[in-house]
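Heads up: the structure comes next, in structure tokens.
None of the figures in this text is laboratory data; all of them are computed from the coordinates on show. The structure displayed is predicted, hence computed values, not measured ones. As a convention, Cβ positions derive from the backbone with ideal geometry for all residues, glycine included, and neighbour counts pool all protein chains shown.
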2 protein chains.
Amino acid sequence: MKLSEVGEFGLIDRLGDLLGEAPEGETWIGDDAAVLRAPGGTILFTADLLVEGVHFDLAWTPPADLGYKAIAVNCSDVAAMGGTPRRALVSLGVRPGIEVDFLEALYAGMRECSDAFGMAVVGGDVSRCDQLVVSVALLGNPAGRRVIERRGARPGDVICVTGSLGAAAAGLRLMKAGQPVPSLLRAALLRPVPRVREVEVLRRFLPNAMIDVSDGLAADLGHLCDASRVGATVDAARLPLIDTAGLPAGLDALELALGGGEDYELCFTIVAERAARAAAEVEAATGTRVHLIGEVTEEAGGRVLVVDGTAQPLAASGWDHLRP
Amino acid sequence: MKLSEVGEFGLIDRLGDLLGEAPEGETWIGDDAAVLRAPGGTILFTADLLVEGVHFDLAWTPPADLGYKAIAVNCSDVAAMGGTPRRALVSLGVRPGIEVDFLEALYAGMRECSDAFGMAVVGGDVSRCDQLVVSVALLGNPAGRRVIERRGARPGDVICVTGSLGAAAAGLRLMKAGQPVPSLLRAALLRPVPRVREVEVLRRFLPNAMIDVSDGLAADLGHLCDASRVGATVDAARLPLIDTAGLPAGLDALELALGGGEDYELCFTIVAERAARAAAEVEAATGTRVHLIGEVTEEAGGRVLVVDGTAQPLAASGWDHLRP
């Protein structure tokens, strides 16, 4: 059977079935990071493979930014479980034409992100490869034994999102079109800020469920709802969209937020009574705004976007890089 | 600067300098696995990147064997630190032409090895890539807090090695030459047995230093000696070489053992009084022979092979896949 027939998520489901059953207290596939029980406590464990031409293009990605981002996106996965990133291994596939200076800049970028978030790259592996490949595996600590999984959302919870949505996708579209890229959009694309500090504050308010927004809000909120067997109503007017004034026509801020991807913001649900207080304390401690964008509903699969008072389906247009 | 000018180990040194300093109690680069301190105890953390055309050729590597081996070689790294492998993440780069059945067989092989050694693959990532890439990151537990590092060898220690040396390299040469491959050599190449059970017995005898033999005994014993700042004298007559009777001429068993690679046997040093007893108990418990092949000496860099009573340099001809 061809991969294009099953797609990325179909493949992951099939391979997941071959892994076996997680023991009590562990979560394997199906969240931002695996949750493991070690003799002395809980561990968060996550991995991402970044491939040249698929996840990044060196024509517009300086090596230090690539290194920074490779660490940042894994930190984001640990943060999305309520944890703190600690240690990473980085395996590099190096193609002909890559030079030592390039790799040193790549590592300097990894170091910069690591230092900024209290973690460290402690080693890895290196091999020849036809494409540049950056494979990161990262360990984190949850706070105590408590992790925040995707599957805990409850009807009546308020849905919140940190920062803003759509900037990285806007930056990527401008880069690809060869157009000037405003520095805010460039930074969002090349130096996403994993919400590690925000989570340190937020977890005291006990969110019920959390995910990081890497494939666009519609897809990722969809994953959270599916895992929790609930629905969601999102108010388009409350989404933290980018300001498209001054940008080329054709950039639709709402579409970028819902389907654009690579935001690495946190989307979480929390009981209504604590939502405003949690948002205020995160902003006071970190400067990052938290927006209350909607509500968790009973109906599993019922995902609704309200635009100008009219309800429409909140459709996930997510990106599947195994399909043509 | 070009990679070919610095080579694999030169590159690793340069990149290692960029990682920063490991805190007290941790070991980052420079051993088979990183040693990390988590709130509840010590963790072993290792990663290997396997690339099609560099580490394996699908013309003679069935997918189930590739999966088995990808897990086995990482288990070997944890065993070589005196630890027990526990959990792995596997990131796959999948090229066009690879089908779902192939990946399911790959995962079935990973599962087979995992089940055999009490560990589990708990997730990972998947991406398009021009070459098939299998990137494994594996966590293990040491026994208590004690790890067996490369750097603990002391003059007077006996040097020991498990199993036999050179079979995988002999199998690879025959495969590449299109010649028939005896099943023992094929198994050594495609299904190496990580010495996890042997280590469970061995660590009770407190070896001073250990490494797994992946690049040939000369290179790996050399790494152990360099890390320990000692020398070594190895008696060629006591090496567990393969029997070349019936194999094509040109396969030199001594050369394959010293420079061939991919044995995934353990090479360790232990105080002389405990060596024979340790060897006997490992064999009694696991059926795996342990050979006492030489002695650790004072002189750092002094590595000697004794052949028929004549001392010659024990030269490492190790493989550097970043050099032409």
* Structure fact -> The distance between the Cα centres of the stretch A:24-102 and the stretch B:1-63, in whole Å, is 15
* Just give me a number: lysine pairs in the protein assembly as shown, eight or more positions apart or cross-chain, with C-alpha atoms less than 30 Å apart. => 8
* Structure fact -> Axis carrying B to A; for chain B the Cβ-nearest residue and its rounded Å distance come to B:Gly40, 1
* Alpha carbon centroid spacing (whole Å) that separates the stretch B:118-167 from the stretch B:201-250 -> 16
* Structure fact -> Quick note on A:Val78, A:Val234, A:Val282, A:Val6, ordering by fewest other C-beta atoms within 10 Å, gives A:Val6, A:Val234, A:Val282, A:Val78
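Beyond 48 Å, how much of the Cα-Cα pair distribution for the protein assembly as shown remains, as a whole percent?
That fraction is 17 percent.
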* **Where only alpha carbons of the stretch B:150-313 are counted, the Rg and the Dmax (Å)** => 15.4, 47
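Got the relative contact order for chain B handy, in percent, Cα pairs under 8 Å and 6 or more residues apart?
RCO, chain B: 22 percent.
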* Asked: Out of the DSSP beta bridges found with both residues in the stretch A:178-322, what percent are antiparallel (nearest 5)?
  -> 75
* Net charge, A:Val73 excluded, C-beta distance under 9 Å - Lys, Arg +1, Asp, Glu -1 -> -3
* When every alpha-carbon pair in the stretch A:120-178 is counted, what percent end up more than 19 Å apart? -> 70
* To do: Calculate for chain B the 222 nm mean residue ellipticity that helices alone would give, adding -39,500 (n - 2.57) per DSSP H run of length 4 or more and normalising by residue count, nearest 500 deg cm²/dmol.
  => -10500 deg cm²/dmol
* Asked: Under a GNM of chain B (C-alpha, springs under 10 Å), which listed residue has the highest mean-square fluctuation: B:Ala284, B:Ala64, B:Ala80?
  -> B:Ala284
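Which whole number gives the average, over all residues in B:275-288, of C-beta atoms from other chains lying within 10 Å of the residue C-beta? Could the numbers behind the result be given before it?
Values: counts 0, 0, 0, 0, 0, 0, 0, 0, 0, 0, 0, 0, 0, 0.
Per residue, the average neighbour count from other chains is 0.
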* Asked: Using alpha-carbon pairs under 8 Å, 6+ residues apart, how would you state the relative contact order of the stretch B:31-142 in percent?
  -> 41
* Based on DSSP, what percent of beta bridges with both residues in the stretch A:31-142 are antiparallel, to the nearest 5? -> 70
* Quantify how strongly other chains surround peptide B:210-219 by giving the mean number of their Cβ atoms within 10 Å of each of its Cβ atoms. => 0
* Asked: Among residues other than A:Glu21 whose Cβ falls under 13 Å from its Cβ, what is the net charge (Lys/Arg +1, Asp/Glu -1)?
  -> -3
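For the stretch B:201-324, calculate the relative contact order in percent as a whole number, restricting contacts to Cα pairs under 8 Å that are 6 or more residues apart.
Once normalised by length, the contact order is 42 percent.
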* Just round it to a whole percent: the fraction of Cα-Cα distances in the stretch A:18-75 exceeding 12 Å. => 74
* Structure fact -> With no solvent term and unit scatterers on the alpha-carbon positions of the stretch B:31-142, Debye gives log₁₀ I(q)/I(0) at q = 0.13, 0.19 Å⁻¹ of -0.47, -0.92
* Please average, across the residues of B:6-19, the number of beta carbons from any other chain that are within 10 Å of each residue's own beta carbon, and give a whole number. => 5
* Asked: In 5 Å bins starting at 0, how do the alpha-carbon pair distances of the stretch B:59-209 split up by percent?
  -> 2, 9, 16, 18, 17, 16, 11, 7, 3, 1, 0, 0
* To do: Based on a Kirkwood Rh over C-alpha pairs, give the Stokes-Einstein translational diffusion coefficient of chain A at 4 °C and viscosity 1.567 mPa s in µm²/s.
  => 64
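Report the equivalent ellipsoid semi-axes for the stretch B:157-250 in whole Å, largest first, defined as the square roots of five times the eigenvalues of the gyration tensor built from alpha carbon atoms.
Whole-Å semi-axes of the equivalent ellipsoid: 28, 16, 12.
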* Asked: Within a Cβ distance under 15 Å of A:Pro63, other residues only, what is the Lys/Arg minus Asp/Glu net charge?
  -> -2
